[in-house]
Every structure is written in C-alpha cells, then in structure tokens.
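Trainee: My structure is below; once you've seen it, I'll send some questions.
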Amino acid sequence: MREDHFIVIGNGPAGSQAAFTLKEKAPEARVTIVTKEREGCCHSHLLPGFLAGSISEKKVFAISLDHYTKSGIKLRTGQSVVDVNPQRKEILLEHKETISYSGLIIAVGGRPYIPEPLLAYREHLCTLKTFQDTGTWRQLLPAADSILIMGGDLTSLAVTKSLLALKKKIYFMLTGEAFWPLRFDKALQEEVSGKLTKRGVTVLAGNKLVGIEPVRSGSCRVYVDGQKIKVDMIGAFFGLVPDIGFLRRSGLQLDRGVLVDEYLCSSHEGICAAGDCAQIYHPEIKDYWVSIGTKNARSLGKIAAVNLAGGRKKTRVDRERIFDIQGVKVNTSWWMEF
Amino acid sequence: MPGVDLTIEICGMSGDGTIAAGTLLNEALSGAGFSIIGFDSYPAEIRGFGRCVTRSRFGTSRMLALSDHTHVLISLDDQQAISRISMLGKNAKVLFDNKPAGTVQEGMSIAAHTAPDADLYGMPFTDLASEAAGTTRGKNLAALGCFTGLAGIDPRFFYTVIEKKFRAKGETVLNANLNSFNAGLTYAHTHFEDAPLVITAPAPEKKKVQRIMLSGNAAIARGALDAGLALYFGYPITPATPIMEYLAKTLPQKGGKVVQMEDEISSIGAVLGSFYAGKRAMTATSGPGLALMAEMISLGVMSETPAVIVDAQRGGPSTGLPTKTEQSDLHAAVFGGPGDSPRIVIAPTDVAECYQFTLKSFELAEKYQTPVIVLTDFFLDNRVENVAAADISGKKRVDGNIYPPKKEQGRYQRYLVTPSGISPRALPGSEGYIYPATGLEHTEAGLPDYSEPVHMQMNAKRHTKIRQALADLPPPKEFSQKGPLDLGVIAWGSSFGAALEAVLKARKKGLAVGALKVISLFPYHEEQIRQFMSRCRRVLIPELNFQGQLANLIGHLHHGDVVRFNRTTGTPLLPSEILLKIQELLQKDNT
C-alpha cells in the first residue's frame with residue numbers, strides 16, 4: 001500500500017500546527033512542510049518586541065528545528081512552490097522538483113500589502129513580516145531618531161509601541177485608506193488617533209502623501225499635504241495579502257484567499273487551507289470570513305489537519321465575533337490590544 | 001574583525017569542470033590573501049563519469065588540516081552532491097542549479113536532502129552559462145560567479161585567475177568563461193541584494209609575501225628539479241603520477257629526461273643505475289609499486305647505491321583503494337625487503353616540506369649511499385596549499401657525495417669500514433678506482449664473500465651509517481609548553497596538521513597537551529622522542545592505518561602503553577576526532 005504523504009505549504013503558526021497535528025493523527029504518514037522562508041516557524045507578532053529587545057530570538061522561533069526532525073516532520077526551508085496540480089496530486093517547486101501528495105494543506109499566510117500609489121517608493125518602505133525583515137530594521141534603527149509609520153494594521157501598532165519604548169520620535173500617518181482586509185471608518189480612526197496621540201505619537205490623520213525624497217542614506221523627506229517632515233525610516237503596515245499567486249493555475253476556487261468551507265476544505269478533494277490565506281464560509285452569515293492573529297491561525301491549522309486526516313471538525317466562530325468592516329468579514333481582536 | 005575559517009566544497013559529475021572550478025577558487029582566494037588548504041577527490045576509474053569533489057578550507061590564519069564541516073556547498077550535479085550533505089555544518093549555504101533540463105521527481109534534487117537550517121540558493125547555473133557564452137560548459141564558472149556575488153568577494157581576484165588559466169586558449173574561450181562568470185555574479189547581485197555570506201578578505205600583509213598555490217606532488221617535483229634531478233624513471237600509478245606529469249613538462253627544459261618504464265622494477269633499477277653512474281635520479285610510486293621495488297631497494301642497500309623513491313601511499317593492500325588516502329606503507333617502507341636492509345625513510349607533513357625534504361633526500365642518498373624513501377600519501381600529494389615562494393624555491397643544491405682521496409688511487413676499497421660506516425664512493429670511469437658492485441655480500445674491496453665475520457662486519461657498517469644519518473635528518477619538532485603534559489600527541493605525514501590543530505584547540509580549553517611532529521621515520525630520533533614521551537602521562541598516536549604502524553615502531557620508547565587511534569576510511573583525519581579522543585582520554589583519567 002502506498003504510504004500517505006501530507007504536504008503543508010507554509011510554516012507559520014497555521015502551517016506548523018497543521019503539520020504537527022497531522023503527525024499526531026496519522027503517525028505512519030509522511031509529513032512534509034515546504035516553506036519559502038529560510039528559517040523556522042517565526043511568530044511575526046513577536047517581531048516588534050524582538051526589535052525593542054523585550055523578546056528573545058529563541059522566543060520568536062517558538063519551535064526548534066530539531067523538534068520537526070524529532071517529530072518525524074520533513075521541513076524544507078527556503079523552497080518555493082510554484083504550482084499545484086490537483087489532478088495529478090502534485091506540487092511543483094521552483095527548482096523544478098515535483099512532489100506527490102495524498103493530502104495538501106495550504107497555509108502560506110500573507111505578504112505585506114503596499115497600496116499601489118506607494119509602490120513607487122517601495123525601496124524606502126520597511127515592512128516587518130519575516131525574521132529576515134528584522135535585519136533592515138536592526139541595521140537602520142540605531143541611527144534613526146524619527147520614524148514614520150504608515151498604515152494602521154495590528155503590526156503597525158505593535159511596532160509603534162516598541163519604537164516608543166526605544167525612545168524614538170514617531171509620526172503616524174493614519175489616512176484611512178484601504179488596507180486589506182481592514183478599513184477605518186471615522187469613529188475607529190478617531191479612537192486610534194486619540195490613543196496614539198496620548199502616547200506621544202504625532203498623528204498625521206487624514207493627510208495625503210505627496211512624495212518621498214531620499215536625503216541621505218536611510219533618511220527621507222516626506223511631503224504630506226503641503227507640509228514636509230524629515231524622518232530616518234519609514235515603516236509601511238497596510239495589512240497582508242494572501243500569498244497565493246502560485247495557485248492561479250491550480251483550478252482551486254480563489255478570491256482574495258483560498259475559498260474553503262467550514263471544514264476548511266477547498267473546492268478540490270484532499271486540499272485544505274488554513275490561516276491568513278483561507279477565506280472560510282460561514283453558513284449563518286452566508287459569506288466568507290477571514291481570520292487574523294496567531295491564535296486563530298493555530299486553531300485553523302489544527303482543524304484543517306484533523307479533517308485532512310479523516311476527521312470532521314467544523315470551524316466554530318460566533319457570528320458576533322466576526323467584524324463586518326466595509327463588507328469584509330474579519331475575526332480578530334486587532335487594534336484593541338494597543 | 002573575527003578571523004575567517006570557512007570550507008567550501010564544489011561537487012559535480014566528472015566532466016562538469018568541478019576540479020577546474022576548485023582550482024580557480026583556490027587561486028582567487030589565495031590572491032585575496034587567504035591561507036588555503038584544498039583537497040580534491042575524484043573517481044578511481046578512468047572514465048567520463050563519477051563524483052568529483054573539491055574541498056577548500058581558507059582563512060586568515062594558517063590552515064593546518066581539512067575542517068570537520070563544510071560551510072558552503074556548490075552543487076554542479078545534485079545526484080553527486082547529495083552524498084556530501086552529511087559534511088554540512090550548521091546553517092550551511094547550499095548553491096545549486098535550480099533550472100535543470102526538466103522536472104525531477106521528489107528526492108532527485110539536493111533541496112530534498114538538506115537540513116532545515118541550511119540556506120538554499122537556487123541559481124540557474126546552466127542557463128546562465130548558456131545565455132552568456134552559448135554553451136553550457138561554463139556552468140562551473142557561472143556557479144563560481146554566483147558564489148562570488150553571494151560572498152561579496154571582489155571579482156577581480158577571479159578575473160585574474162580566469163585570465164591566467166584561459167588566456168592561452170584564445171580570446172573566444174577566455175571571453176566565454178569570463179562571460180559565464182559575470183552572468184553568475186550579476187545574477188547573485190540582482191537576486192540576493194544583501195550578500196548573505198560576506199567574506200571579507202584579510203588586510204594585505206605588511207611585508208608582501210609571494211605565495212604559490214602548489215600541490216604536494218608538484219612540490220616534490222620542484223624539490224627534485226632544484227636538487228638537480230637529471231633523470232626520472234617511473235611507471236604511472238595513482239596518486240604518484242602527477243609527479244611524472246609535472247616533470248615530463250619541466251625536466252627536459254633543464255636538460256634532463258623523463259622515461260616511462262615498463263614497470264616499477266625497471267624504474268628503480270634505472271634509478272640505481274643512474275646514481276651509480278653519478279647522476280641524480282628519482283622514481284615515484286605507490287604501495288603496489290613499492291612492493292615490486294622491494295628487492296631492488298635492497299640491492300641499493302647492499303651495493304650502497306643512492307636512490308630517491310617517493311612512495312605516495314594509498315589505501316591497500318594490493319590495488320586497494322587507488323584514490324583514497326592511507327598511511328599503511330610505513331612498515332613496508334621501513335622494513336620491506338629481504339634481509340637486514342636499513343634505509344632512510346622520511347615523511348613530509350605539508351606541501352612546503354614535500355619540497356624541502358625531497359630536495360634534502362638527494363643529498364642524504366648520496367652522502368649515506370642508500371635508498372631514501374620519501375613517504376607521502378594521497379591527501380598530501382593531492383592537496384594544495386598557498387605556500388610562501390621562499391619556502392619552495394631557491395634552496396641550494398648540496399652535493400652529498402664523498403669522493404675517495406687521491407692517495408687511494410690504485411688501492412681503492414669501495415666498502416672500506418670506517419667509524420661512520422660511510423665509505424668514500426668513486427664514480428665509474430674514475431681511473432684507479434675500479435671496484436665490483438654486487439648484491440652479494442662482499443668484502444671491503446667489493447669481492448663476494450659470505451663468511452660470518454664479513455657478513456657481520458658489513459651488516460654493522462650498513463646499520464652504523466644509517467644511524468649516523470640522524471645528524472642530518474630533520475629532528476622531531478615539539479609544539480607544547482614546558483614541563484609535564486597530561487597527554488602528548490605524536491603524528492606523522494599528512495595527519496600531523498590535524499593532530500596539531502586538535503592540540504592547539506585542546507590547549508585553548510586549558511588542557512595540558514602537546515604535539516610532536518616526527519619527520520624522520522627511519523632512522524628515528526630515539527632520544528628526543530623518548531624525552532617528549534617521558535614528560536607525557538599519556539601518549540596518543542593517531543594514524544591512518546589499521547594497526548598503528550608508527551606506534552609499533554616507536555611505542556616501546558614510552559614507559560606505558562601508547563594509545564593508538566587508527567582509522568582506515570580512506571579519508572584524511574580531522575582535527576575534531578583527534579580532539580574528541582584527547583578529551584575522552586583526559587576525562588577518563590580524571591574520573
């Protein structure tokens with residue numbers, strides 16, 4: 001009999017949880033994680049704390065690489081999946097290696113979203129999604145006195161908190177422009193703005209970015225509605241977009257993420273999705289919702305694995321816990337933690 | 001700035017240009033000012049397939065041995081390179097071709113086998129070469145370019161060596177290689193903006209030292225050339241053949257001759273004949289060839305005729321492991337041959353010593369009128385080091401011959417018994433100095449005589465003279481603190497570097513250990529070795545043979561049992577395994 005081979009694409013909180021659960025539920029099966037990241041499972045929500053020095057590197061990587069090996073999970077780091085073929089039950093890696101699977105979980109998470117008008121300034125914008133991103137921050141931070149934070153997602157607030165602890169001067173540009181999957185309405189914007197100001201942050205609410213001009217290495221002159229500010233770094237935090245470009249030719253039903261039912265099963269048998277990249281159907285509200293946050297991701301990873309291993313577990317989210325923000329259904333505690 | 005100490009491996013299929021890439025890498029890194037020790041391994045079969053590996057350890061201090069782990073692996077052929085995964089250290093970088101001709105099944109790519117902590121860098125070596133030069137042959141150069149870009153090394157070091165290597169082949173070939181290299185370099189720069197390796201070249205030496213990248217075999221050949229070698233006789237055998245190849249190109253330019261003989265017996269016979277006639281000659285072989293030469297070497301002993309023989313050891317017995325390293329000919333070199341046939345056996349420990357002691361062996365052979373065996377091994381013969389030019393050139397040739405005084409004309413006794421055992425040696429054709437030379441036992445005049453007193457007298461003479469040679473032979477060299485030692489490591493040949501590195505590391509850990517390098521294996525400096533041993537509570541002798549052949553030879557000089565550490569895997573000893581043994585022994589003593 002051919003052995004089962006479960007592949008998990010992605011090694012974030014959802015992916016790693018899915019892999020360990022699969023190994024637990026189906027100990028005889030082969031479990032492989034394929035991740036494009038070069039390191040282990042990074043808790044990206046801890047990265048702001050790591051920058052501030054309050055969180056150790058060890059804590060950022062909660063699961064040691066040895067633990068995967070000891071658990072019988074093959075972890076392939078630094079390897080990108082470029083295609084999934086549900087008919088042949090194969091994935092294709094960038095280096096042209098094909099791997100067959102009997103079950104697949106897509107848990108690729110998201111990549112930082114940069115609104116189109118800002119793409120022209122991409123080289124000046126620092127994001128903070130992976131551990132690798134911390135390299136740029138650590139390189140520039142010591143010499144940076146003032147930092148402009150653009151956006152307003154969960155990470156932006158955590159980063160602001162960390163930078164304030166490092167006694168940096170913070171400008172926060174809270175424009176209310178779209179950043180998937182969230183949008184600010186006026187009330188939310190005022191509340192966040194008030195909290196930031198109270199902490200000593202200069203909030204540039206409602207201002208529009210006109211241009212960014214590099215002054216010297218690392219420093220920029222930022223033009224905002226007639227005024228200009230000089231900052232040493234710019235952080236961009238506009239939420240995440242699911243990193244699912246490699247699925248375009250797979251035939252899976254996609255929207256912003258992978259569309260799955262309440263069991264996290266996709267349109268194709270043997271393929272589930274979990275974490276930030278999954279859009280999950282809610283029978284009560286008759287719509288798809290997305291989740292944000294490490295805890296949610298882990299929970300979804302576990303459910304996807306249980307179901308792929310033959311179980312039948314539903315995602316249970318009370319409709320009251322799902323925010324409807326301008327048409328996007330989100331399950332998150334989000335900014336209230338700030 | 002912390003010192004650099006990195007090991008890079010290039011692995012490919014025979015025909016991928018693996019060895020050529022390794023040579024260019026070594027030359028370029030040497031040009032950048034690093035100290036290098038490099039070692040290639042390739043298949044034994046003379047066919048167009050099989051695994052080729054080049055291993056280069058380079059750093060800012062002198063490299064004594066190969067390292068335990070590889071920090072960067074460049075795969076030119078994943079199927080071959082997969083076997084090298086076990087050598088990778090923590091967080092190793094793996095560069096591989098991520099655009100093979102077609103898709104491959106799971107497990108066929110090296111990416112399927114690396115540990116999670118390894119950093120994979122998929123780069124289209126073949127495509128880059130093809131686009132840059134119109135041929136895939138330059139994929140090794142493209143790979144080197146990728147590495148150079150990732151490591152942030154100044155590419156000019158590579159341009160210099162690429163030009164040096166390919167200039168003679170014409171502009172087209174040179175440009176194709178430069179283009180392939182540059183394509184790889186650009187790819188790395190554009191796809192990996194932050195150089196993930198960052199290898200900083202050392203500051204230029206205050207006093208510029210000219211360095212030459214040389215293999216042990218090339219150093220032996222250069223030593224022989226500088227000794228005034230007139231004739232080389234040999235029969236090809238791995239790993240000694242490169243000596244003949246080197247001399248075939250260089251010796252005729254100096255008026256000498258290289259003759260490929262029909263076998264090893266005729267080779268040593270011709271060497272004895274040349275020396276008998278007063279011309280310096282040499283042969284080089286490996287274990288099986290040395291076995292064939294045994295009888296002729298004893299003829300040299302009996303007839304007191306000089307000879308220089310290089311025994312490049314490989315795995316044995318018999319044909320054994322032709323492309324693997326071993327130190328298992330020591331007994332054969334020292335004792336091999338009929339009767340009591342003492343000869344000089346010296347074992348260089350690094351490339352510079354290959355030069356120095358080959359050169360010295362001619363003087364010793366002439367002065368003590370005996371065959372001298374220079375005992376090397378595959379690892380020493382094939383490894384390259386960037387040695388200071390001053391250490392491997394310009395040494396003065398010393399005529400070791402002791403000619404008979406004029407007063408002996410007409411009553412010359414070739415085998416005159418003297419206190420030193422050395423009898424003046426006349427060359428054939430010298431008027432009034434005619435003598436019979438034979439393999440039979442003989443009188444002082446050279447006449448056959450099997451009588452008891454003659455045989456005893458002549459045996460004693462031949463042994464006395466070899467003992468006398470100790471004065472001219474390199475004495476053991478000690479690397480330790482003064483006073484008593486908890487443990488002393490005695491090593492010889494190519495294993496000494498690993499032993500010394502292990503000892504230096506152990507001393508850094510606060511252990512009272514020392515190392516002793518033994519170069520002259522026969523005769524050996526009994527007193528100095530005994531003195532060192534007497535200061536050591538324990539003596540460890542690591543060797544690449546099964547029994548511990550040096551331990552057999554000198555172990556009796558220690559007041560207790562020496563500890564043997566033997567391995568016959570065909571690969572060089574590593575500092576870490578010797579260090580582990582040192583720690584294990586000392587820990588045992590303390591519990």
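The values are calculated or read from the model by the stated rules, or taken from the named source; none is laboratory data. Note that the structure is predicted; figures quoted are calculated from it, not measured. Quick reminder, even Gly has a Cβ in these numbers, built from the backbone with ideal geometry, and neighbours come from all protein chains shown. Protein only, heavy atoms only, side chains kept; ligands, DNA and RNA dropped before computing areas. Shrake-Rupley method; radii C 1.70, N 1.55, O 1.52, S 1.80 Å.
Trainee: In whole angstrom, how long is each semi-axis of the equivalent ellipsoid of the stretch B:5-191, when you take the square root of 5 times every eigenvalue of its Cα gyration tensor and sort them from largest down?
Mentor: 22, 21, 16
Trainee: Within the accessible area of the protein assembly as shown, what % is carbon and sulfur when the probe is 1.4 Å and the other protein chains stay in place?
Mentor: 51
Trainee: Using heavy-atom solvent-accessible surface (probe 1.4 Å) with all chains present, what is the largest-first order of A:213, A:190?
Mentor: A:190, A:213
Trainee: Given the Cα-Cα distance of residue B:397 and residue B:259 and 0.36 nm per residue of separation, how much length would full extension add, in nm?
Mentor: Value of the extension gain: 47.4 nm.
Trainee: Once every DSSP H run of n ≥ 4 in chain A is given -39500 (n - 2.57) and the sum is divided by its residues, what mean residue ellipticity at 222 nm do you get, rounded to the nearest 500 deg cm²/dmol?
Mentor: Value at 222 nm, helices only, nearest 500: -7000 deg cm²/dmol.
Trainee: Give me the accessible area per residue for the stretch B:477-589, probe 1.4 Å, as a whole number in Å².
Mentor: So the stretch B:477-589 comes to 40 Å² accessible per residue, rounded to a whole number.
Trainee: What is the angle, in °, between the Cα long axis of helix B:351-368 and the longest principal axis of the Cα atoms in chain B? Nearest 10 is fine, range 0 to 90.
Mentor: Its long axis makes an angle of about 10 degrees.
Trainee: So for the pair residue B:420, residue B:165, with labels modelled 7 Å out along Cα→Cβ, what separation do we get in nm?
Mentor: 4.9
Trainee: Another question about this same structure. Not counting ligands, DNA or RNA, and with a 1.4 Å probe, what is residue B:136's accessible surface area in Å² rounded to the nearest 10?
Mentor: 70
Trainee: If you don't mind, there's one more thing I want to ask. Peptide B:120-129: average number of partner chain Cβ atoms within 10 Å per residue?
Mentor: If you average over the peptide's residues, the count of other-chain Cβ atoms is 2.
Trainee: Please figure out what share of the DSSP beta bridges in the stretch B:5-191 is antiparallel and state it in percent, rounded to the nearest 5.
Mentor: Bridges in the stretch B:5-191 are about 55 percent antiparallel.
Trainee: Could you tell me which residue out of B:378, B:300, B:258 lies farthest along the dipole of the stretch B:213-392 toward its positive end? Charges go on the beta carbon: Lys and Arg +1, Asp and Glu -1, centred on the Cα centre.
Mentor: B:258
Trainee: Rounded to the nearest 5, what is the percent of antiparallel bridges among the DSSP beta bridges in chain A?
Mentor: 45
Trainee: For a test of the definition: using alpha carbon positions, the gyration tensor, and the 1.5 limit on a/c, classify the stretch A:41-133 as rounded, prolate or oblate.
Mentor: Taking the square roots of the gyration eigenvalues as a ≥ b ≥ c, the stretch A:41-133 is oblate.
Trainee: Counting only helical runs of four or more DSSP H residues, what would the 222 nm mean residue ellipticity of chain B come to if each run contributes -39,500 (n - 2.57) and the total is spread over all its residues?
Mentor: Rounded to the nearest 500, it is -11000 deg cm²/dmol.
Trainee: Right, another one. How much of residue B:186 can a 1.4 Å solvent probe reach, expressed as accessible area in Å² and rounded to 10?
Mentor: Accessible area of residue B:186: about 80 Å².
Trainee: Can you tell me the Rg and the Dmax, both Å, for the Cα atoms in the stretch B:213-392?
Mentor: Cα radius of gyration and Dmax of the stretch B:213-392 are 14.4, 42 Å respectively.
Trainee: Starting from the Cα-Cα distance between residue B:4 and residue B:537, subtract it from 0.36 nm times their residue separation and give me the gain in nm to one decimal.
Mentor: Roughly 188.4 nm would be gained on extension.
Trainee: To the nearest 20 debye, what charge dipole does the stretch B:477-589 have about its Cα centre, counting +1 at the Cβ of each Lys and Arg and -1 at the Cβ of each Asp and Glu?
Mentor: In total the dipole reaches around 320 debye.
Trainee: Right, another one. Which percent of Cα-Cα pairs in the stretch A:65-190 sits in each 5 Å bin, short to long?
Mentor: 2, 7, 13, 16, 14, 12, 11, 11, 8, 4, 1, 0
Trainee: Order these peptides, B:404-414, A:46-56, A:143-153, by their mean beta-carbon neighbour count within 10 angstrom, highest first.
Mentor: So the order, starting with the most tightly packed, is A:143-153, A:46-56, B:404-414.
Trainee: What does the structure give for B:92-103 when I average, per residue, the other chain Cβ atoms found within 10 Å of the residue Cβ?
Mentor: 2
Trainee: Based on Cβ point charges of +1 for Lys and Arg and -1 for Asp and Glu, what charge dipole magnitude is obtained for the stretch B:311-430 about its Cα centre, in debye rounded to the nearest 20?
Mentor: 720
Trainee: Right, here's the next one. At a Förster radius of 45 Å, what calculated FRET efficiency corresponds to the Cβ-Cβ distance of residue A:202 and residue B:156, to the nearest 0.05?
Mentor: 0.40
Trainee: Size of the dipole of the protein assembly as shown about the Cα centre, Lys and Arg at +1 and Asp and Glu at -1 on the beta carbon, nothing else charged, in debye to 20?
Mentor: Value, rounded to 20: 1960 debye.
Trainee: Of all DSSP beta bridges located in the protein assembly as shown, what percent are antiparallel, nearest 5?
Mentor: Antiparallel bridges: around 40 percent, rounded to the nearest 5.
Trainee: Take the cross-link list A:23/A:302; A:59/A:168; A:208/A:230; A:58/B:90; A:25/A:70; A:169/A:195 and give me the ones stretching past 18 Å between alpha-carbons.
Mentor: A:59/A:168
Trainee: A further question on this structure: So with the 1.4 Å probe, I'd like the accessible area per residue for the stretch A:1-105, rounded to whole Å².
Mentor: Heavy-atom SASA per residue in the stretch A:1-105 reads 42 Å².
Trainee: Next up: May I ask for the Kirkwood hydrodynamic radius of the stretch B:118-180, worked out over all distinct Cα pairs and given in angstroms to one decimal?
Mentor: 12.0
Trainee: Let me ask something else. For labels at residue B:577 and residue B:547 in the simple 7 Å Cα→Cβ model, what's the distance in nm?
Mentor: Between residue B:577 and residue B:547, the simple spin-label model gives 2.1 nm.
Trainee: Now a separate question. Computed over the Cα atoms of chain B, what is the ratio Rg over Rh, Rh following Kirkwood?
Mentor: That ratio equals 1.02.
Trainee: Show me you know the interface measure: the accessible area buried between B and A, both chains summed, probe 1.4 Å, in Å² to the nearest 100.
Mentor: What B and A bury together is about 1700 Å².
Trainee: Let me ask you something else. For the stretch B:302-394, list log₁₀ I(q)/I(0) at each q in 0.14, 0.15 Å⁻¹, using the Debye formula over Cα point scatterers of equal strength and ignoring solvent, two decimals each.
Mentor: -0.56, -0.63
Trainee: Still on this structure, I have one more. Classify the stretch B:477-589 as rounded, prolate or oblate, taking a ≥ b ≥ c as the square roots of the eigenvalues of its Cα gyration tensor: rounded when a/c is under 1.5, otherwise prolate if a/b is larger than b/c and oblate if not.
Mentor: It is rounded, given that a/c, with a ≥ b ≥ c, falls under 1.5.
Trainee: Helix B:18-31 versus the longest principal axis of chain B: what is the Cα-based angle in degrees, 0 to 90, to the nearest 10?
Mentor: Between helix and principal axis, roughly 90 degrees.
Trainee: Partner chain Cβ atoms within 10 Å, averaged over the residues of A:94-104 - can you pull that number for me?
Mentor: 5
Trainee: Sticking with the crude label model, points 7 Å out along Cα→Cβ, report the distance from residue B:434 to residue A:28 in nm, one decimal please.
Mentor: 9.5
Trainee: Treating the angle as unsigned and between 0 and 90°, give the value, to the nearest 10°, between the Cα long axis of helix A:294-308 and the longest Cα principal axis of chain A.
Mentor: Approximately 20 degrees, to the nearest 10.
Trainee: Another question, if that's okay. Suppose the Debye formula is applied to equal point scatterers at every Cα of the protein assembly as shown; what is log10 I(q)/I(0) at q = 0.10, 0.11 Å⁻¹?
Mentor: Values returned for q = 0.10, 0.11 Å⁻¹ are -1.13, -1.27.
Trainee: Using only the Cα atoms of the stretch B:244-320, what are the Rg and Dmax in Å?
Mentor: Rg and Dmax of the stretch B:244-320, Cα atoms, are 12.9, 38 Å.
Trainee: Show A:195, B:249 ordered by accessible area, largest first, where the area counts protein heavy atoms only and the probe is 1.4 Å.
Mentor: B:249, A:195
Trainee: For the ranges B:456-465, A:251-260, B:232-241, B:342-351, what's the packing order if you count other beta-carbon atoms within 10 Å of each residue, average per peptide, and put the highest first?
Mentor: With the highest mean Cβ count within 10 Å placed first, the list reads B:342-351, B:232-241, A:251-260, B:456-465.
Trainee: Which shape class applies to the stretch B:141-207: rounded if a/c is under 1.5, otherwise prolate when a/b exceeds b/c and oblate if not, where a ≥ b ≥ c are the square roots of the Cα gyration tensor eigenvalues?
Mentor: oblate
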